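All remarks here apply to the structure that follows.
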Amino acid sequence: QAKSTGRGKAVKYEISMDDERQQRVLLEERLRHALQHSEFEIYYQPLFSTMDRRLRGFEALLRLRDDDGYLVPPDVFIPVAEEMGLITAVGEWVLNEATAFAQGWPGDLTVAVNLSAIQFETGRLVETVRNALEASDLTPSRLELEITESLLIKDPANVLGQLLELRSLGARIALDDFGTGYSSLSYLWKFPFDKLKIDRSFMLELEDADGKPREILKTIVALCRTLNLSVTAEGVETNEQLAALRELQCDQSQGFLLGRPMPASQIPSFMMSISSEPLSATVKEPLVG
Ligand code: C2E
Ligand code: MG
Ligand code: MG
Ligand code: MG
């Protein structure tokens, strides 16, 4: 009996299970330890206006460093933190940390924080966000809360109520990874979104010769205009993609071409580097982190 490890290798089922169980135990210990000793880190990835390439804000992306100093990807440790029930405390830490940091940014730069479905089940999310806003003194409209579609399917009435409360605090709500899950277009007007983030899988197909993905994107942008939603493209990696997004008049762009997620300590020099250069320089000479 063989099982894929996800790295393209097929190994004996027994070995794989042992290995997985051991990895899992180690990861759980690592997570508990990291929470107790404040060893999580937040990286920040910039978002830009597509049309004038102006910096608009950053998305907070959680990082965990393993004992060897390597970063464990959130796609690996967040599901485990959710199962362990740790995500509530970790999510609260991210909210406090990110709002406090963003309060010191110039102008009206925004900070986006990803929320887990589990945080909506605790009944404490609204209070946690209110506390973070009060403690940081961040203008509430500068906080964007990102959620994914999967959350909306589970308990729509409960989620809707909390989203409305979060919005009445002044925070903005973004629908993340749009176009990947079991999207129902009715979500777009049944829930109070301010922003829609188009999943990066669309970017990969944007350069397709037959032009259909581009037509679909055009339709999504038009739909967002109708619904008064701002629209952001994720995963912009090439100048061709950025040019296409400009043609579509997509509001904001985020991706490795424009800036990689970076530790908080690099943000000041990143801001300096883009404010002292002509706006187009961020595109012609992509910053690599
Ligand atoms: P997301 O919210 O969709 O975040 C965007 C992901 O795309 C990030 O991965 C980012 O590094 C990556 N990315 C950005 N630009 C590009 C690009 O041009 N090309 C490619 N290939 N990738 C790009 P990351 O940081 O590994 O995060 C993965 C996911 O983990 C996030 O997806 C989000 O769902 C989740 N996550 C991250 N931080 C948190 C957090 O604090 N709380 C919760 N609940 N989830 C989080
Ligand atoms: Mg996100
Ligand atoms: Mg996303
Ligand atoms: Mg994602």
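The values are calculated or read from the model by the stated rules, or taken from the named source; none is laboratory data. This is a predicted model, so every value here is computed, not measured. Counting neighbours? That spans all protein chains shown, and the Cβs are built from the backbone with ideal geometry, glycine included. Ligands, DNA and RNA are excluded from the accessible area calculation, which covers all protein heavy atoms including side chains. Shrake-Rupley method; radii C 1.70, N 1.55, O 1.52, S 1.80 Å.
Numbers for the structure displayed
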| read-out | value |
| --- | --- |
| Residue count, segment 182-194 (criterion: within 15 Å of ligand 2 (Cβ to nearest atom) and either farther than 19 Å from residue 112 by Cβ or in contact (Cβ under 8 Å) with a residue 60 or more places away in the chain (or both)) | 0 |
| Tally, over segment 254-264, of residues that are assigned to a loop (DSSP other than H, G, I, E, B) and open to solvent by less than 20 Å² (accessible area, probe 1.4 Å) | 5 |
| Set 256, 178, 191: member being within 15 Å of ligand 4 (Cβ to nearest atom) and either under 23 Å from residue 150 (Cβ atoms) or not aromatic (Phe, Trp, Tyr) (or both) | 178 |
| Number of the exception - residue 238 against (1) surrounded by 13 or more Cβ atoms within 10 Å (Cβ to Cβ); (2) under 21 Å from residue 141 (Cβ atoms) | (2) |
| Hey, residue 16 modelled with pLDDT of 95 or more and more than 16 Å from ligand 1 (Cβ to nearest atom) or not | no |
| Cross-chain or 6+ apart pairs with Cβ under 7 Å, segment 61-87 first and away from ligand 1 (no atom under 13 Å from the Cβ) and open to solvent by less than 70 Å² (accessible area, probe 1.4 Å), then at pLDDT 90 or above and among the charged types (D, E, K, R) | 66/30; 84/28 |
| Counted residues, segment 47-60 - those being farther than 21 Å from residue 94 by Cβ and open to solvent by less than 20 Å² (accessible area, probe 1.4 Å) | 3 |
| Of all residues in segment 88-133 being among the hydroxyl-bearing types (Ser, Thr, Tyr) and outside any helix (DSSP H, G or I), the one that is surrounded by the most Cβ atoms within 10 Å (Cβ to Cβ) | 110 |
| Extreme residue, farthest from ligand 1 (Cβ to nearest atom), among residues of segment 195-215 that are in contact (Cβ under 8 Å) with a residue 12 or more places away in the chain and exposed (fewer than 15 other Cβ atoms within 10 Å of the Cβ) | 207 |
| Segment 146-199 - residue that is among the basic types (Lys, Arg) and at pLDDT 95 or above and, of those, nearest to residue 224 (Cα to Cα) | 195 |
| Segment 216-235, subset under 19 Å from residue 172 (Cβ atoms) and small (Gly, Ala, Ser), residue surrounded by the fewest Cβ atoms within 10 Å (Cβ to Cβ) | 230 |
| Wholly enclosed helices (runs of 4 or more DSSP H) of segment 162-232 bearing at least 3 residues within 15 Å of residue 252 (Cβ to Cβ) and touching a strand residue (DSSP E or B) at 6+ places or on another chain (Cβ under 9 Å) | 212-226 |
| Count of segment 46-87 residues which are part of a strand (DSSP E or B) and more than 16 Å from ligand 2 (Cβ to nearest atom) | 6 |
| Number of positions in segment 233-253 that are touching a residue at least 40 places away in the same chain (Cβ under 8 Å), within 16 Å of ligand 4 (Cβ to nearest atom) and assigned to a loop (DSSP other than H, G, I, E, B) | 1 |
